[in-house]
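Enquirer: Sending over a structure as structure tokens; questions will come in a sec.
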Amino acid sequence: MKSERLKIFDDKRNPIGIASREEVHRLGYWHEVFQCWVISSVAGANYIYLQLRSETKKDYPSLFDITAAGHLLANETVRDGVREIKEEIGVSLNFEELIPLGIFDYCVVRENFIDKELANVFLYKTTKNVDDFILQQDEVAGMVKADFKDFYELWFGQKQEIKVSGYKLDSQGERMILNEFVGKDRFVPHPLSFYQELTVKIKEVIGG
């Protein structure tokens, strides 16, 4: 498969060219990603939706992550990022329906992998339930929801575990009920500062 081509940036967010996705992560170039966190309100409680990454994913398999996210290609703008929402969780949206939370820059370094992201982060408020999403099975293995207050407190050290509930797809694509208590180690290891800044921003939007 032809490697994705991504725009790359210097430390001051100035564009400096285009590189393959492999080069971006091997050499540690700053690059753009799109993130959409989905949240709903039910009976006075706010719930945040989290995807379970496929066990076949090269990066961070079988961990809980952003509702829908992906790299922005070299020929794409931030507005084009809505395609990730449709591709990964089957929800068609207009860019104007999203609430911008800002651009978050962060870096994660592992062996032979440097992930320096300029994340264009958005929030989408919905009335959908966890069962209403249509998942791209080779990318997303399940969908769960967590009480947003619990999610917030997890990243600020007020809770060690939180409850997530939803479903996981089996090898035949059938949904199996998933109810677990999970700690930080079950989430993609974005920097703690990212999760903290993110949850503060979401809390400002939804209140409470």
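Enquirer: Only one of 153, 180 is part of a strand (DSSP E or B), at pLDDT 95 or above, under 23 Å from residue 202 (Cβ atoms) and in contact with a strand residue (DSSP E or B) (Cβ under 9 Å, 6 or more places away or on another chain). Can you tell me which?
Expert: Details: 153 fails: part of a strand (DSSP E or B).
Sole residue among the options that is part of a strand (DSSP E or B), at pLDDT 95 or above, under 23 Å from residue 202 (Cβ atoms) and in contact with a strand residue (DSSP E or B) (Cβ under 9 Å, 6 or more places away or on another chain): 180.
Enquirer: Same structure, new question: So, in segment 146-174, how many residues would count as being charged (D, E, K, R), in contact (Cβ under 8 Å) with a residue 24 or more places away in the chain and under 21 Å from residue 61 (Cβ atoms)? Show your work before the answer.
Expert: If we filter segment 146-174 for residues that are charged (D, E, K, R), which is where we start, we get 147, 149-150, 153, 159, 161, 163, 168, 170, 174.
Subsequent filtering for residues that are in contact (Cβ under 8 Å) with a residue 24 or more places away in the chain retains 147, 149, 168.
Cutting the leftovers down to under 21 Å from residue 61 (Cβ atoms) gives us 168.
Of the residues in segment 146-174, 1 are charged (D, E, K, R), in contact (Cβ under 8 Å) with a residue 24 or more places away in the chain and under 21 Å from residue 61 (Cβ atoms).
Enquirer: Only one of these conditions is not met by residue 33: (1) in a strand (DSSP E or B); (2) of a type in the set (Val, Ile, Thr); (3) in contact with a helix residue (DSSP H, G or I) (Cβ under 6 Å, 6 or more places away or on another chain). Which number is it?
Expert: The one condition residue 33 does not meet is (3).
Enquirer: Return the total of residues in segment 79-94 being surrounded by 17 or more Cβ atoms within 10 Å (Cβ to Cβ) and either more than 16 Å from residue 134 (Cα to Cα) or β-branched (Val, Ile, Thr) (or both).
Expert: Residues in segment 79-94 being surrounded by 17 or more Cβ atoms within 10 Å (Cβ to Cβ) and either more than 16 Å from residue 134 (Cα to Cα) or β-branched (Val, Ile, Thr) (or both): 5 in total.
Enquirer: Here's a follow-up. Before we move on, is residue 58 among the basic types (Lys, Arg), assigned to a loop (DSSP other than H, G, I, E, B) and surrounded by fewer than 16 Cβ atoms within 10 Å (Cβ to Cβ)?
Expert: Yes; evaluated as a whole, the condition is true for this residue.
The values are calculated or read from the model by the stated rules, or taken from the named source; none is laboratory data. Treat the numbers as computed from the prediction; the structure is a model and nothing was measured. So basically every Cβ, Gly included, is an ideal-geometry build from the backbone, and we count neighbours across all protein chains shown.
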